[in-house]
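The numbers here are math on the coordinates, done by the rules we state, and not lab data. Please read these numbers as outputs of a predicted model, since none were measured by experiment. Methodologically, a virtual Cβ is constructed for each residue, glycine included, from the backbone with ideal geometry; neighbour enumeration extends over all protein chains shown.
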C-alpha cells in the first residue's frame, strides 16, 4: 500500500510502516484545526485500516506542538473543491468509527489536544502523550453542547472534573491527564514515537477476536451520545455567535459586561 494515500484532505498524511498505518495531522498555518474534510479523512483512515488484510493498527498523531485543537472555527475549510465533510455534517466525525474499530487505533498526542482531538484521544484503544501535551474541551465557550464529550469525558475523569473542564474550560497538563485517566502514558517528547511503536507491537500480541470482545465490554461503559441534541446545538444561534467571537478575538455576547476583556475568550 502506497504512502500518502488520499484521505480527502491535503492536511492529512498517510504513511504505512510495516503493518501499521500512521496518519499525521499537518496544518500548521491553522494550528492543526480540523476541517470537516479532515474529520472525514480520519474516519476514512479507520475504514481503510479495517478493510485491509495487510494492516493491523492505526496511529493518529500531529505535527509540531499541536495534536488537534478541535474543529476549524474561522470558516477556512480550504481542503479542496469538494467539501465531503460539510455534505455529511456531524456524520463526518470519526469518533464512532474509532470507538467501533475492530483493529487497534492508537493516539500519539504530541502537543495541544482540545475538543475533537480530545475525543479522538479518549476513544483510541491506547493514548500516549508527550509531556508537552495539554488537554481541554472549550466547546461551551463556542456555543456547542457537545454530546460526545457529555457521554465520554465523565467516564474517563469522573463527573466532577468533567463538569470543571466542560463548564469552565479548565485545561490539564499531560501528567494531570494521565493521573485522571485521559491518557495511558506520558513520555518525554523525544520518546513519543518509539514508545508508540512499542505499544503497537504489544497490542498486536493480543488475540484479535478476544481483544474486540473486551473492547466492546469496555465501550459499553460510555453513555449514550444524543446526536439530536448535538446536531441542534451545532446549528443553533449560540454557535454562530461563539464562532464569530472567536474569529473577532472577543468574548461572546452572553458573557456579562463586567467580565468582558479584549482578547479571545
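Annotations
- Rounded tilt (10° steps) of 208-219 against the dominant C-alpha axis of the chain: 20 degrees
- Among beta bridges that DSSP assigns inside the chain, antiparallel share in %, nearest 5: 30 percent
- Theoretical gain in end-to-end length, residue 209 to residue 237 [0.36 nm per residue, Cα-Cα removed]: 5.5 nm
- The alpha carbons of the range 94-232 stretch over 42, 33, 23 Å along the principal axes, in descending order.
- Separation of alpha-carbon centers, the range 1-70 and the range 152-182, rounded to whole Å: 26 Å
- Cα centroid separation - the range 127-143 against the range 91-112, whole Å: 15 Å
- For the residues 225, 66, 200, a GNM of the chain with alpha-carbon springs under 10 Å puts the largest fluctuation on 225.
- Residue exposure sequence - 11, 243, 167 - by fewest surrounding Cβ within 10 Å: 167, 243, 11
- Choice from 177, 108, 147 showing the highest fluctuation, given a GNM over the chain with Cα pairs closer than 10 Å: 147
- Computed [θ] at 222 nm, helices only, for the chain once each DSSP H run of length n ≥ 4 contributes -39500 (n - 2.57): -11500 deg cm²/dmol
- Distance cut-off 15 Å, percentage of C-alpha pairs in the range 121-197 lying past it: 55 percent
- Most fluctuating residue given options 137, 45, 210, as computed from a GNM of the chain linking Cα atoms under 10 Å: 210
- The range 133-265, relative contact order in percent, only Cα pairs under 8 angstrom and at least six apart counted: 33 percent
- Entry note, the chain: relative contact order of 16 percent, from Cα contacts under 8 Å with a spacing of 6+ residues.
- Separation of the residue 221 and residue 257 label points, Cα + 7 Å toward Cβ, nm: 4.8 nm
- Among 38, 114, the ranking by other beta carbons within 10 Å of each residue's beta carbon, starting with the fewest, stands as 114, 38.
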